[in-house]
Amino acid sequence: MSENLLTIETTCDETAAAVVTDSLQVLSSVVASQDRLHERYRGVVPEIAARAHLERILPVLDEAMRRAGVGWDAITAVAVATTPGLAGSLLVGLMAAKTICYTLNKPLLAVNHLQAHIYACRIASGRDVFPCIGLVVSGGHTSLYRCQTPLEFHWLGGTIDDAAGEAFDKVASMLGLGYPGGPAVARAAERGRPGRFQFPRPLLDNTDRLDFSFSGLKTAVRYAITGPGRCDFRQLQLDPQTVADVAAEFQQAVVDCLVGKALLATQRTGIRTLCVGGGVAANRLLRQRLAEECQRCGVAVYIAPSELCTDNAVMAAIAWERYRAGLFEPLDIDVQPGLVRQSRR
Ligand code: KG4
Ligand code: ZN
(Lines give C-alpha, C1' and ligand atoms only; values in the text may rest on other atoms or scores of the structure.)
(Ligands and ions follow the chains in the order given, each with its own letter.)
Protein backbone atom coordinates (compact mmCIF):
# COMPACT_ATOMS: atom_id res chain seq x y z
CA MET A 1 0.00 0.00 0.00
CA SER A 2 1.29 3.46 -0.87
CA GLU A 3 2.07 6.14 1.67
CA ASN A 4 0.38 9.52 1.21
CA LEU A 5 1.62 13.05 1.82
CA LEU A 6 -0.76 15.96 2.38
CA THR A 7 0.84 19.10 0.95
CA ILE A 8 -0.12 22.75 1.55
CA GLU A 9 0.88 25.87 -0.41
CA THR A 10 -0.06 29.43 0.61
CA THR A 11 3.09 31.46 -0.11
CA CYS A 12 1.47 34.17 -2.22
CA ASP A 13 -2.07 34.36 -3.60
CA GLU A 14 -3.02 30.76 -4.34
CA THR A 15 -4.51 28.58 -1.61
CA ALA A 16 -3.59 25.04 -2.58
CA ALA A 17 -3.56 21.52 -1.15
CA ALA A 18 -2.75 18.14 -2.67
CA VAL A 19 -2.31 14.49 -1.78
CA VAL A 20 0.72 12.83 -3.41
CA THR A 21 1.93 9.25 -2.90
CA ASP A 22 5.52 8.24 -2.12
CA SER A 23 5.90 7.20 -5.77
CA LEU A 24 4.86 10.78 -6.73
CA GLN A 25 1.44 9.81 -7.99
CA VAL A 26 -0.93 12.76 -7.63
CA LEU A 27 -4.16 11.63 -5.94
CA SER A 28 -5.64 15.13 -5.79
CA SER A 29 -4.71 18.75 -6.38
CA VAL A 30 -6.86 21.73 -5.46
CA VAL A 31 -5.90 25.35 -6.24
CA ALA A 32 -8.11 28.29 -5.22
CA SER A 33 -6.84 31.31 -7.13
CA GLN A 34 -7.25 34.83 -5.77
CA ASP A 35 -6.62 36.55 -9.12
CA ARG A 36 -10.07 38.19 -9.12
CA LEU A 37 -9.46 39.75 -5.68
CA HIS A 38 -6.17 41.37 -6.72
CA GLU A 39 -7.11 42.23 -10.30
CA ARG A 40 -8.25 45.80 -9.60
CA TYR A 41 -4.93 46.57 -7.86
CA ARG A 42 -2.89 45.00 -10.71
CA GLY A 43 -0.76 43.18 -8.15
CA VAL A 44 -1.05 41.11 -4.97
CA VAL A 45 -2.18 43.03 -1.86
CA PRO A 46 -0.65 41.12 1.09
CA GLU A 47 -3.45 41.80 3.61
CA ILE A 48 -6.15 40.75 1.15
CA ALA A 49 -4.15 37.61 0.29
CA ALA A 50 -3.76 36.56 3.95
CA ARG A 51 -7.45 37.09 4.69
CA ALA A 52 -8.50 35.12 1.60
CA HIS A 53 -6.19 32.22 2.56
CA LEU A 54 -7.87 32.14 5.96
CA GLU A 55 -11.32 31.85 4.36
CA ARG A 56 -10.26 29.20 1.85
CA ILE A 57 -7.76 26.95 3.59
CA LEU A 58 -10.27 24.60 5.29
CA PRO A 59 -12.55 24.09 2.25
CA VAL A 60 -9.45 23.55 0.06
CA LEU A 61 -8.05 20.95 2.49
CA ASP A 62 -11.42 19.18 2.71
CA GLU A 63 -11.70 19.10 -1.07
CA ALA A 64 -8.16 17.75 -1.52
CA MET A 65 -8.90 14.92 0.94
CA ARG A 66 -12.29 14.20 -0.65
CA ARG A 67 -10.88 14.02 -4.19
CA ALA A 68 -7.95 11.85 -3.06
CA GLY A 69 -10.46 9.38 -1.63
CA VAL A 70 -8.31 8.60 1.41
CA GLY A 71 -9.06 9.04 5.10
CA TRP A 72 -6.90 10.99 7.56
CA ASP A 73 -5.45 7.73 8.89
CA ALA A 74 -3.95 7.13 5.41
CA ILE A 75 -1.93 10.38 5.59
CA THR A 76 1.71 9.67 6.53
CA ALA A 77 2.90 13.27 6.99
CA VAL A 78 1.98 16.90 6.27
CA ALA A 79 4.22 19.21 4.19
CA VAL A 80 3.89 22.98 3.95
CA ALA A 81 5.78 25.74 2.14
CA THR A 82 7.41 27.91 4.82
CA THR A 83 9.75 30.06 2.67
CA PRO A 84 9.95 32.42 0.78
CA GLY A 85 6.66 34.29 0.50
CA LEU A 86 4.33 36.84 2.07
CA ALA A 87 4.46 36.56 5.87
CA GLY A 88 0.69 36.67 6.43
CA SER A 89 0.04 34.16 3.64
CA LEU A 90 2.74 31.71 4.79
CA LEU A 91 1.39 31.81 8.34
CA VAL A 92 -2.06 30.56 7.32
CA GLY A 93 -0.63 27.47 5.61
CA LEU A 94 1.81 26.75 8.42
CA MET A 95 -0.83 27.08 11.15
CA ALA A 96 -3.15 24.73 9.24
CA ALA A 97 -0.34 22.19 8.84
CA LYS A 98 0.70 22.43 12.49
CA THR A 99 -2.90 22.00 13.66
CA ILE A 100 -3.35 18.82 11.63
CA CYS A 101 0.01 17.46 12.84
CA TYR A 102 -0.76 18.27 16.47
CA THR A 103 -4.29 16.90 16.54
CA LEU A 104 -3.62 13.77 14.46
CA ASN A 105 -0.05 13.17 15.61
CA LYS A 106 1.54 13.35 12.15
CA PRO A 107 5.10 14.47 11.32
CA LEU A 108 5.57 17.96 9.87
CA LEU A 109 7.80 18.69 6.84
CA ALA A 110 8.92 22.13 5.63
CA VAL A 111 9.15 23.07 1.95
CA ASN A 112 11.17 25.76 0.20
CA HIS A 113 8.76 27.14 -2.41
CA LEU A 114 11.48 27.85 -5.00
CA GLN A 115 13.00 24.40 -4.72
CA ALA A 116 9.49 23.00 -5.09
CA HIS A 117 9.03 24.93 -8.36
CA ILE A 118 12.10 23.10 -9.74
CA TYR A 119 10.98 19.75 -8.32
CA ALA A 120 7.75 20.11 -10.34
CA CYS A 121 9.91 18.99 -13.31
CA ARG A 122 10.91 15.82 -11.43
CA ILE A 123 7.26 15.03 -10.63
CA ALA A 124 5.96 15.75 -14.14
CA SER A 125 8.73 13.90 -15.99
CA GLY A 126 8.81 10.86 -13.74
CA ARG A 127 12.61 10.92 -14.25
CA ASP A 128 15.52 11.54 -11.92
CA VAL A 129 16.55 15.01 -13.13
CA PHE A 130 19.34 15.62 -10.57
CA PRO A 131 21.98 17.04 -10.78
CA CYS A 132 20.50 19.86 -12.84
CA ILE A 133 20.51 23.60 -13.34
CA GLY A 134 17.24 25.00 -11.98
CA LEU A 135 15.70 28.19 -13.33
CA VAL A 136 12.84 29.56 -11.22
CA VAL A 137 11.00 32.31 -13.00
CA SER A 138 7.92 33.58 -11.23
CA GLY A 139 6.11 36.69 -10.05
CA GLY A 140 8.41 37.17 -7.08
CA HIS A 141 11.64 35.44 -8.13
CA THR A 142 14.00 34.92 -11.04
CA SER A 143 16.91 32.75 -9.93
CA LEU A 144 19.35 30.15 -11.19
CA TYR A 145 20.43 27.24 -8.98
CA ARG A 146 22.86 24.41 -9.20
CA CYS A 147 20.69 21.58 -7.88
CA GLN A 148 23.10 18.86 -6.85
CA THR A 149 20.51 16.61 -5.23
CA PRO A 150 16.86 17.24 -4.24
CA LEU A 151 18.25 18.32 -0.85
CA GLU A 152 21.17 20.48 -2.00
CA PHE A 153 20.55 23.71 -3.92
CA HIS A 154 23.31 26.28 -4.57
CA TRP A 155 22.30 29.77 -5.71
CA LEU A 156 24.16 30.80 -8.89
CA GLY A 157 22.55 34.15 -9.66
CA GLY A 158 19.27 35.97 -9.94
CA THR A 159 17.55 39.23 -10.64
CA ILE A 160 19.17 42.33 -9.19
CA ASP A 161 15.85 44.21 -9.27
CA ASP A 162 12.43 43.01 -10.52
CA ALA A 163 11.39 39.42 -11.12
CA ALA A 164 10.44 38.52 -14.69
CA GLY A 165 6.80 37.87 -13.76
CA GLU A 166 6.59 41.20 -11.97
CA ALA A 167 7.87 42.91 -15.16
CA PHE A 168 5.16 41.10 -17.17
CA ASP A 169 2.54 42.29 -14.67
CA LYS A 170 3.76 45.93 -14.73
CA VAL A 171 4.05 46.06 -18.52
CA ALA A 172 0.54 44.62 -18.81
CA SER A 173 -0.67 47.41 -16.56
CA MET A 174 1.08 50.07 -18.71
CA LEU A 175 -0.51 48.59 -21.83
CA GLY A 176 -3.97 48.53 -20.25
CA LEU A 177 -4.07 44.71 -20.29
CA GLY A 178 -5.51 42.47 -17.57
CA TYR A 179 -4.08 40.83 -14.45
CA PRO A 180 -2.15 38.56 -14.09
CA GLY A 181 -0.08 40.27 -16.74
CA GLY A 182 1.94 37.32 -18.08
CA PRO A 183 -0.88 35.53 -19.93
CA ALA A 184 -2.36 38.90 -21.05
CA VAL A 185 0.95 40.13 -22.55
CA ALA A 186 1.53 36.75 -24.21
CA ARG A 187 -1.94 36.89 -25.80
CA ALA A 188 -1.43 40.45 -27.07
CA ALA A 189 2.03 39.53 -28.41
CA GLU A 190 0.52 36.92 -30.74
CA ARG A 191 -0.69 39.75 -33.03
CA GLY A 192 2.53 41.75 -32.62
CA ARG A 193 4.95 42.66 -35.41
CA PRO A 194 8.54 42.11 -34.36
CA GLY A 195 11.08 44.85 -35.00
CA ARG A 196 8.90 47.98 -34.68
CA PHE A 197 10.29 48.63 -31.19
CA GLN A 198 13.76 47.84 -29.90
CA PHE A 199 14.18 47.08 -26.20
CA PRO A 200 17.42 46.24 -24.35
CA ARG A 201 18.45 42.74 -23.16
CA PRO A 202 19.97 43.82 -19.80
CA LEU A 203 23.11 41.92 -18.67
CA LEU A 204 22.75 39.38 -21.49
CA ASP A 205 26.15 40.17 -22.98
CA ASN A 206 27.86 40.11 -19.60
CA THR A 207 29.04 36.51 -19.52
CA ASP A 208 30.75 36.97 -16.13
CA ARG A 209 27.39 37.11 -14.37
CA LEU A 210 24.46 34.74 -14.09
CA ASP A 211 22.21 37.62 -13.08
CA PHE A 212 19.13 39.26 -14.57
CA SER A 213 17.75 42.80 -14.54
CA PHE A 214 14.25 43.70 -15.71
CA SER A 215 13.67 47.14 -14.28
CA GLY A 216 15.43 49.04 -17.12
CA LEU A 217 13.48 46.99 -19.65
CA LYS A 218 10.28 48.10 -17.94
CA THR A 219 11.40 51.74 -18.20
CA ALA A 220 12.21 51.25 -21.90
CA VAL A 221 8.65 50.03 -22.44
CA ARG A 222 7.31 53.04 -20.57
CA TYR A 223 9.24 55.53 -22.73
CA ALA A 224 8.31 53.67 -25.89
CA ILE A 225 4.62 54.25 -25.18
CA THR A 226 4.73 57.71 -23.61
CA GLY A 227 7.53 59.28 -25.66
CA PRO A 228 10.87 60.45 -24.23
CA GLY A 229 10.86 62.40 -20.97
CA ARG A 230 7.18 61.75 -20.18
CA CYS A 231 6.18 59.05 -17.88
CA ASP A 232 2.45 59.19 -17.17
CA PHE A 233 0.90 56.38 -19.19
CA ARG A 234 -2.48 56.38 -17.48
CA GLN A 235 -4.18 58.79 -19.88
CA LEU A 236 -2.79 57.17 -23.00
CA GLN A 237 -5.09 55.65 -25.59
CA LEU A 238 -2.86 53.12 -27.34
CA ASP A 239 -4.05 51.55 -30.58
CA PRO A 240 -4.29 47.74 -30.46
CA GLN A 241 -1.45 47.23 -32.95
CA THR A 242 0.96 49.33 -30.84
CA VAL A 243 -0.04 47.32 -27.75
CA ALA A 244 0.63 44.08 -29.64
CA ASP A 245 3.97 45.30 -31.04
CA VAL A 246 5.23 46.47 -27.63
CA ALA A 247 4.06 43.22 -26.00
CA ALA A 248 5.82 41.12 -28.65
CA GLU A 249 9.17 42.90 -28.34
CA PHE A 250 9.01 42.96 -24.53
CA GLN A 251 8.24 39.24 -24.35
CA GLN A 252 11.06 38.53 -26.82
CA ALA A 253 13.53 40.54 -24.71
CA VAL A 254 12.61 38.72 -21.46
CA VAL A 255 12.81 35.33 -23.17
CA ASP A 256 16.23 36.16 -24.72
CA CYS A 257 17.62 37.00 -21.25
CA LEU A 258 16.17 33.91 -19.55
CA VAL A 259 17.28 31.48 -22.24
CA GLY A 260 20.73 33.08 -22.59
CA LYS A 261 21.56 32.95 -18.88
CA ALA A 262 20.12 29.48 -18.33
CA LEU A 263 22.36 28.10 -21.09
CA LEU A 264 25.33 30.05 -19.74
CA ALA A 265 24.75 28.33 -16.37
CA THR A 266 24.86 24.91 -18.04
CA GLN A 267 28.11 25.83 -19.82
CA ARG A 268 29.75 27.26 -16.70
CA THR A 269 28.88 24.27 -14.48
CA GLY A 270 29.12 21.48 -17.05
CA ILE A 271 25.69 20.26 -15.94
CA ARG A 272 23.78 19.25 -19.06
CA THR A 273 20.27 19.10 -17.60
CA LEU A 274 18.03 22.16 -17.17
CA CYS A 275 14.78 22.25 -15.15
CA VAL A 276 12.51 25.28 -15.45
CA GLY A 277 9.62 26.16 -13.14
CA GLY A 278 7.53 29.07 -11.84
CA GLY A 279 4.57 30.93 -13.33
CA VAL A 280 6.50 32.53 -16.21
CA ALA A 281 7.60 29.05 -17.36
CA ALA A 282 3.99 28.68 -18.58
CA ASN A 283 4.91 31.19 -21.33
CA ARG A 284 4.63 29.56 -24.76
CA LEU A 285 7.47 31.50 -26.42
CA LEU A 286 9.81 30.75 -23.50
CA ARG A 287 9.01 27.02 -23.66
CA GLN A 288 9.52 26.94 -27.41
CA ARG A 289 12.83 28.85 -27.33
CA LEU A 290 14.17 26.75 -24.44
CA ALA A 291 13.34 23.55 -26.33
CA GLU A 292 15.06 24.81 -29.51
CA GLU A 293 18.18 26.24 -27.89
CA CYS A 294 18.68 23.30 -25.52
CA GLN A 295 18.41 20.86 -28.39
CA ARG A 296 20.99 22.90 -30.35
CA CYS A 297 23.37 22.86 -27.36
CA GLY A 298 22.81 19.23 -26.35
CA VAL A 299 21.16 20.09 -23.02
CA ALA A 300 18.25 18.00 -21.71
CA VAL A 301 15.46 20.38 -20.73
CA TYR A 302 12.47 19.71 -18.47
CA ILE A 303 9.69 22.26 -18.15
CA ALA A 304 6.75 21.44 -15.94
CA PRO A 305 3.28 21.45 -17.54
CA SER A 306 1.54 24.83 -17.14
CA GLU A 307 -0.64 23.77 -14.21
CA LEU A 308 2.50 22.79 -12.27
CA CYS A 309 4.32 26.04 -13.25
CA THR A 310 1.96 28.45 -11.51
CA ASP A 311 1.63 27.97 -7.75
CA ASN A 312 0.22 24.61 -6.69
CA ALA A 313 0.64 22.15 -3.82
CA VAL A 314 1.68 19.12 -5.91
CA MET A 315 5.23 20.46 -6.26
CA ALA A 316 5.52 20.50 -2.46
CA ALA A 317 5.87 16.71 -2.73
CA ILE A 318 9.60 17.52 -2.76
CA ALA A 319 9.04 17.00 0.97
CA TRP A 320 9.15 13.22 0.40
CA GLU A 321 12.91 13.74 -0.05
CA ARG A 322 13.12 15.31 3.42
CA TYR A 323 10.89 12.58 4.84
CA ARG A 324 13.27 9.91 3.55
CA ALA A 325 16.24 11.82 5.00
CA GLY A 326 14.46 12.10 8.39
CA LEU A 327 14.35 15.91 8.21
CA PHE A 328 11.22 16.58 10.27
CA GLU A 329 10.28 19.92 11.85
CA PRO A 330 9.29 20.69 15.43
CA LEU A 331 5.81 22.18 15.88
CA ASP A 332 7.24 25.55 16.94
CA ILE A 333 8.91 26.38 13.60
CA ASP A 334 8.18 29.78 12.11
CA VAL A 335 7.75 31.06 8.57
CA GLN A 336 10.71 32.62 6.78
CA PRO A 337 9.34 35.25 4.36
CA GLY A 338 12.75 36.37 2.99
CA LEU A 339 14.83 34.45 0.46
CA VAL A 340 17.64 32.27 1.82
CA ARG A 341 19.94 31.85 -1.16
CA GLN A 342 22.14 28.94 -0.18
CA SER A 343 20.65 25.73 1.05
CA ARG A 344 22.11 22.40 1.99
CA ARG A 345 18.96 20.61 3.15
O1 KG4 B 1 4.83 31.02 -9.67
P2 KG4 B 1 3.69 31.97 -9.65
O3 KG4 B 1 2.30 31.41 -9.84
O4 KG4 B 1 3.67 32.81 -8.33
C5 KG4 B 1 4.84 33.23 -7.69
O6 KG4 B 1 5.46 32.40 -6.96
O7 KG4 B 1 5.21 34.40 -7.94
O8 KG4 B 1 3.98 33.08 -10.79
C9 KG4 B 1 3.08 34.10 -11.09
C10 KG4 B 1 3.67 34.95 -12.20
C11 KG4 B 1 2.86 36.22 -12.50
O12 KG4 B 1 3.73 37.33 -12.52
C13 KG4 B 1 2.27 35.95 -13.88
O14 KG4 B 1 2.09 37.14 -14.64
C15 KG4 B 1 3.32 35.05 -14.49
O16 KG4 B 1 3.72 34.20 -13.42
N17 KG4 B 1 2.79 34.24 -15.60
C18 KG4 B 1 3.23 34.33 -16.88
C19 KG4 B 1 2.42 33.45 -17.65
N20 KG4 B 1 1.54 32.83 -16.80
C21 KG4 B 1 1.79 33.33 -15.55
N22 KG4 B 1 4.19 35.10 -17.43
C23 KG4 B 1 4.38 35.00 -18.76
N24 KG4 B 1 3.65 34.21 -19.57
C25 KG4 B 1 2.66 33.41 -19.06
N26 KG4 B 1 1.95 32.62 -19.88
ZN1 ZN C 1 5.65 30.42 -7.06
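The values are calculated or read from the model by the stated rules, or taken from the named source; none is laboratory data. Here the structure is a predicted model, which is why all the values come from computation and not from measurement. Counting neighbours? That spans all protein chains shown, and the Cβs are built from the backbone with ideal geometry, glycine included. Ligands, DNA and RNA are excluded from the accessible area calculation, which covers all protein heavy atoms including side chains. Shrake-Rupley method; radii C 1.70, N 1.55, O 1.52, S 1.80 Å.
For region 188-266, list log₁₀ I(q)/I(0) at each q in 0.21, 0.23 Å⁻¹, using the Debye formula over Cα point scatterers of equal strength and ignoring solvent, two decimals each.
Log-scaled intensity ratios, in q order: -0.94, -1.05.
Can you tell me the convex hull volume per residue for region 20-85, based on C-alpha atoms, in Å³ to the nearest whole number? Intermediate results must be reported in sequence, preceding the final value.
Numbers: hull volume 7.6 nm³, N = 66.
Spelled out: Cα convex hull of region 20-85, divided by residues, is 115 Å³.
Send over the per residue convex hull volume for region 127-308, Cα only, as a whole number of Å³.
It is 115 Å³ per residue.
Cα axis of helix 164-174 to longest principal axis of the chain: angle in degrees, 0 to 90, nearest 10?
50
According to the Kirkwood expression over distinct Cα-Cα pairs, how big is the hydrodynamic radius of the chain, in Å?
20.6
Does region 1-149 come out rounded, prolate or oblate by the C-alpha gyration tensor, with a ≥ b ≥ c the root eigenvalues, rounded set by a/c under 1.5 and, if not, prolate when a/b is larger than b/c and oblate if not?
Oblate.
Lys and Arg at +1, Asp and Glu at -1: add these up for the other residues within a Cβ distance under 10 Å of Ile160 and post the number.
Numbers: positive: Arg209; negative: Asp161, Asp162, Asp211.
Overall, the nearby charge balance is -2.
Quick check for you: with a 1.4 Å probe and neighbouring chains kept, what is the accessible area per residue of region 127-308, in Å²?
Per residue, region 127-308 has 42 Å² of solvent-accessible surface.
Give the percent of DSSP beta bridges with both residues in the chain that are antiparallel, rounded to the nearest 5. Numbers along the way, then the final one.
Working: 28 of 47 bridges.
Among the beta bridges of the chain, antiparallel pairing accounts for roughly 60 percent.
Can you run phi through the Karplus equation (6.51, -1.76, 1.60; θ = phi - 60°) for region 239-255 and list ³J(HN,Hα) in whole Hz, with x for Gly and Pro?
These are the phi-based 3J(HN,Hα) values: 6, x, 5, 5, 4, 5, 5, 5, 4, 5, 6, 4, 4, 4, 5, 4, 4 Hz.
Helix-derived [θ] at 222 nm for the chain: sum -39500 (n - 2.57) over DSSP H runs of at least 4, divide by residue count, nearest 500?
-13500 deg cm²/dmol
Roll a 1.4 Å probe over the protein heavy atoms and report the accessible area of Thr149 in Å², nearest 10.
Around 50 Å² of this residue is reachable by solvent.
Would you please give the residues with an amide H less than 5 Å from that of Leu339, counting only those at least 5 places away or on a separate chain, with H modeled from the backbone geometry?
none
Just for region 127-308, what percent of DSSP beta bridges are antiparallel, to the closest 5?
Of all bridge pairs located within region 127-308, approximately 55 percent are antiparallel.
Using +1 at the Cβ of each Lys and Arg and -1 at the Cβ of each Asp and Glu in the chain, identify which of Thr266, Ala17, Ala172 lies farthest towards the dipole's positive end.
The listed residue farthest towards the positive side: Thr266.
P(r) for region 232-338, please, calculated from all Cα pair distances in 10 Å bins and given in %.
11, 29, 28, 20, 9, 3
To the nearest 20 Debye, how big is the dipole of the chain about its Cα centre, given +1 on the beta carbon of each Lys and Arg and -1 on that of each Asp and Glu?
On the way: 35 positive and 35 negative charges, 140 e Å.
Charge dipole of the chain: 680 debye, to the nearest 20.
Provide the solvent-accessible area of Asp332, counting protein heavy atoms only and rolling a 1.4 Å probe, rounded to the nearest 10 Å².
Accessible area of Asp332: about 120 Å².
Based on Cβ point charges of +1 for Lys and Arg and -1 for Asp and Glu, what charge dipole magnitude is obtained for region 127-308 about its Cα centre, in debye rounded to the nearest 20?
Charge dipole of region 127-308: 260 debye, to the nearest 20.
For Trp72, Trp320, Trp155, what's the largest-to-smallest order of accessible area, 1.4 Å probe?
Trp72, Trp155, Trp320
Between region 297-329 and region 118-142, what is the separation of their alpha carbon centroids in Å?
6
For the charge dipole of the chain, defined by +1 on Lys and Arg C-beta atoms and -1 on Asp and Glu C-beta atoms about the Cα centroid, which residue among Gly71, Leu144, Thr103 has the Cα displaced farthest towards the positive pole?
So the residue we want is Leu144.
Taking H as built 1.01 Å from N, whose amide H comes closer than 5 Å to the amide H of Leu27, not counting residues under 5 places away?
Amide H to amide H, under 5 Å and 5 or more residues apart or across chains, Leu27 pairs with Val19, Val20, Thr21.
Carbon and sulfur: what percent of the chain's accessible surface (1.4 Å probe)?
Details: 7320 of 14940 Å².
C and S fraction of accessible area: 49 percent.
Which whole-angstrom value gives the distance between the alpha carbon centres of region 2-44 and region 174-197?
Here the two parts' Cα centres lie 27 Å apart.
Using the Karplus curve 6.51 cos²θ - 1.76 cosθ + 1.60 with θ = phi - 60°, work out ³J(HN,Hα) for each residue of region 23-32 in order, rounded to whole Hz, and write x for Gly and Pro.
9, 6, 8, 8, 7, 7, 8, 10, 10, 9
For Tyr302, enumerate residues with amide H under 5 Å from its amide H, sequence gap 5+ or separate chain, H modeled in the peptide plane.
Excluding prolines and chain starts, which carry no amide H, the hits are Leu274, Cys275, Val276.
Each residue of region 135-144 in order: what ³J(HN,Hα) in whole Hz does its phi give by Karplus 6.51 cos²θ - 1.76 cosθ + 1.60, θ = phi - 60°, with x for Gly and Pro?
10, 9, 9, 9, x, x, 9, 9, 9, 10
Just how many pairs of Lys in the chain have C-alpha atoms closer than 29 Å, counting pairs that are eight or more places apart or on different chains?
Numbers: Lys98/Lys106; Lys170/Lys218; Lys170/Lys261; Lys218/Lys261.
The result is 4.
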